[in-house]
């Protein structure tokens, strides 16, 4: 077992959370109550324990309906509680020790002992700590997010997108009926029993919110009264019945998503569109009212501040109600353009039938600087998902990206990325005889590594590196799978399980054999730095024989100080992103080795799929800080390349060349790879038809995705100097958007390093 | 396809190949800038392309004075000056590019390197799909493309063999014979007329208006030419001159004219070549040319501002 600090920050948190509205002592009491109930149920089944604990939290943790909210439901989170993901609360029965310490510091000293008692209890019962204790390995496998390790692992259940179509068609009453029927066949099934308790929690939460809305009527304006009346009536309706109106559907969907603790929302256009269309058609709702509701939903999602999640997906293949869905899509497009929030991550799937109008709306929103929608190409992704996840195309049509891009099948699969691997750090360890040059710690996992002078050909060298990679890839599949085992031994994720195929049918929680497709993902980092490094080694050491491997390694250990010419030679070697066969084929070779290696291991261990994602939040920069200098010319501590884009500034041949490079990876072996591109407004907005054909051609050539930042040259530089002038400047980081001035200086520099495509003029 | 072309190994002097060019004809294009120009327009934004021989630009702000270029040059074309910077004897330079590679700071850029037709086409072909979808293609520019006429025609043939839309940017100062050889292989001529007065043109740029206009007449009737006027304050930007150029266009049966607003984006290059830049004015905004465009439209021309 590795030593680890349980107070380490475990997720990316750029957007500032809204503080809990309850007084500190009340928060303390809730956590104590939760802890007590958990303790009392230690001997009970995980399902019963979870249901009992959830009853402590809900509806207690609901905030008051806020002025302006047109849909009810905002939740607070405490340092102790229950959840699925790190960004809202924690995972399973959790204690976020770092936040509990901060909480303690705010309390009068008299109360400190109460917190300490809980701290001690949760040291032995926090799910993630239990996983870490069993799984982490000194030097080899660290906890999220300890960047001194070449690979990190966690237990979480990210990216679940529920079967809302079923929820909306059955309603809570219909769900109850379905579970009860199953129970008659299997009366002692604790999962199904606990499922019914969850529906009771839903009902009490709806009533709680209804009472809050009613209480607010007294002091409300005439206009606000109308809104509150709609909220009250919808809440009353959805307690039992299936929704009939757009508002009822929104309210049911939203309240359930909150209680399930999920932070990605799925294909809203397809499951909400029919309600919207019907209301509009029958004159119950005007388009402006519908706009207000959707905008309110956007605000509620933004206010959850998950930084890298909040996916809403529209468009694409496999929608049941394309015509009605498009009505929602157009409305959402307008909201995304006008809100300019960093969340929700508004995601557009396109295919060959996507209308010009939708393309134009998307480009308008991007051109206005919204960074949304981020665009996925179904013509490539659907067959790729089918192959990668081993599904038929019909099932694959229901793929949805969550978080920074990872795919799941809506309502049918898990895809949580519980492993991240730094390919470049592993190369620097390999080149240094198994010892990380950054801290002198051996990280070879017992894999035999020959001295550099013994490698007589590039192939031999590359093969040696691959053997070390093999060790890590083996470990990655085991650690991912084990995260499911550990989570399953502690929790059932009841609310989520109820809306995932085929949990009710099988009477099992999702990780207990309930979920139809048990999948997972592995985030790879430094992909391009590594392949560019291999190109440089091949050319300078083995082809041109200009340096020996030892000379190169000496230069790397010196961070190129005193080796400027050698570094210059490294930088001058071909780089990925310029449509050069040399660099691009190396990148592709490494990609396929890693991606197929991960996929094969996932299948072997018993998962439906375990696929790499080249997604990248801001970890490319943070991990770069702890990664030694590399043969691609990158200095020690410098950011690594974002996602599968080139290293910032390495692509010098314009956007067509970069996009051609990007399109070369075969999408079948990954579960999401994101591609950044940055334009000035004049380039993007004055040449709209050209930009459109640029993107479409890239897609036609096999490009799977594109995300766009439109920002004027000099603006980001100025925002570094004068952050106060740019409170609303949004940029696409990699798999998420952020307010630029909220990012750390290192991440700002990484963004600045990326090529900005501007108009170039020639006049002879 | 290319291997069938007997001229695939023909070499040209090239200033640069720029992909995703948006101002040298319709759609997404790759522009091949060839080295060498018969004119010497003082506003030229690619002054390094004017001589036929290779030219190195030296960016003093990036130079650390390390001397690596001096020691690398096998022709003795670079000496280390007393000011601590390299000095270039441009008559000795053969354009091998060694100094550019030796420089650790990217302070040297060579224009006029040698590329074969197949090397050029290898790059051009990579964006074929983008050309097709955007109505783009390949543009040959310069310098002046007709300074390397044989290479140009070979490039055009190779492009046509690939089914590409082809455009040429030219100042028209060439022989009618080469122009007529290029014409059937070229879909669009972007044809510069810089002045309507032959003496002024001759004096400032070295251009021969009579020849330029005669050549344009050969193209005009084919409907393939667009006249481009670089609008240079103090040189041609007055009503009479622009009107005169419009008349010439009409005489040559050309219907479309582009007015290109003056910009100073090439100014830095003059310092890098140790030359004086003749202009101090700011880059123009498109709107400033609107009255001239209106004048042209009133004369029956189709006028666009910007390329």
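Just so it is clear, none of the values below were taken in a lab; they were calculated from the coordinates. As the structure is a prediction and not an experimental result, all values here were calculated from the model. For neighbour counting, all protein chains shown are included, and Cβ atoms are generated from backbone atoms with ideal geometry for every residue, glycine included.
What the table below lists for this structure:
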read-out: Theoretical gain in end-to-end length, residue A:474 to residue A:441 [0.36 nm per residue, Cα-Cα removed]; value: 9.8 nm
read-out: Label point at residue A:18 placed 7 Å out along Cα→Cβ; residues across the stretch A:309-347 whose backbone nitrogen lies under 16 Å; value: A:310, A:341-344
read-out: 222 nm mean residue ellipticity, helices alone, for chain A (DSSP H n ≥ 4; -39,500 (n - 2.57); rounded to 500); value: -15500 deg cm²/dmol
read-out: Euclidean distance of C-alpha centroids, the stretch A:624-662 and the stretch A:539-584, integer Å; value: 14 Å
read-out: Translational D in µm²/s for the stretch A:597-720 (Stokes-Einstein at 37 °C, 0.692 mPa s, Kirkwood Rh from C-alpha pairs); value: 197 µm²/s
read-out: Potential lengthening between residue A:688 and residue A:44 on full extension [0.36 nm per residue; Cα-Cα distance subtracted]; value: 225.7 nm
read-out: Residue order, fewest to most surrounding Cβ atoms within 10 angstrom, among A:351, B:127, A:550; value: A:550, A:351, B:127
read-out: Ranked A:687, A:670, criterion: other C-beta atoms within 10 Å, fewest first; value: A:687, A:670
read-out: D (Stokes-Einstein, µm²/s), Kirkwood Cα radius, the stretch B:55-111, 0.890 mPa s at 25 °C; value: 225 µm²/s
read-out: Residues in the stretch A:521-552 that a label on residue B:74 would reach, taking backbone N under 19 Å of a point 7 Å out along Cα→Cβ; value: A:544-546
read-out: The stretch A:197-296 - Rg and Dmax from Cα coordinates, angstrom; value: 13.9, 38
read-out: Fraction of beta bridges assigned by DSSP in chain A that are antiparallel (%, nearest 5); value: 40 percent
read-out: Antiparallel bridges, percent of DSSP beta bridges restricted to the stretch A:346-480 (to nearest 5); value: 50 percent
read-out: Tensor-based shape of the stretch A:24-135 (alpha-carbon gyration tensor, a/c under 1.5 rounded, otherwise prolate or oblate); value: oblate
read-out: Gained length - residue A:467 relative to residue A:278, 0.36 nm times residue gap less alpha-carbon distance; value: 62.1 nm
read-out: Centre separation in Å (Cα based) which lies between the stretch A:447-495 and the stretch B:110-142; value: 44 Å
read-out: Whether the protein assembly as shown is rounded, prolate or oblate, judged on the alpha carbon gyration tensor where a/c under 1.5 counts as rounded; value: prolate
read-out: Considering only chain B, percent of DSSP beta bridges that pair antiparallel, nearest 5; value: 35 percent
read-out: Inter-site label distance for residue A:712 and residue B:297 at 7 Å from Cα along Cβ, in nm; value: 2.7 nm
read-out: Ranked list, fewest to most other Cβ atoms within 10 Å of each Cβ, for B:157, A:523, A:459, B:82; value: B:82, A:459, B:157, A:523
read-out: Cα→Cβ-extended label distance, 7 Å offset, between residue A:746 and residue A:3, nm; value: 2.3 nm
read-out: Cα centroid of the stretch A:193-212 to Cα centroid of the stretch A:111-154, whole Å; value: 33 Å
read-out: Cβ-derived FRET efficiency at R0 56 Å, residue B:243 paired with residue A:589, nearest 0.05; value: 0.35
read-out: Degrees separating the helix A:46-57 axis from the principal Cα axis of chain A, which is the longest one; value: 70 degrees
read-out: Pair residue A:758, residue A:217: separation of 7 Å Cα→Cβ label points (nm); value: 6.0 nm
read-out: Shape call, chain B: gyration tensor on alpha carbons, a/c limit 1.5; value: oblate
read-out: Modelled FRET efficiency - R0 25 Å, residue A:722 with residue A:106, Cβ distances, 0.05 increments; value: 0.15
read-out: Two-site FRET efficiency, residue B:122 against residue A:340, from Cβ-Cβ distance with R₀ of 45 Å, rounded to 0.05; value: 0.55
read-out: Top of B:37, B:96, B:281 by mean-square fluctuation, Gaussian network on chain B, Cα under 10 Å; value: B:281
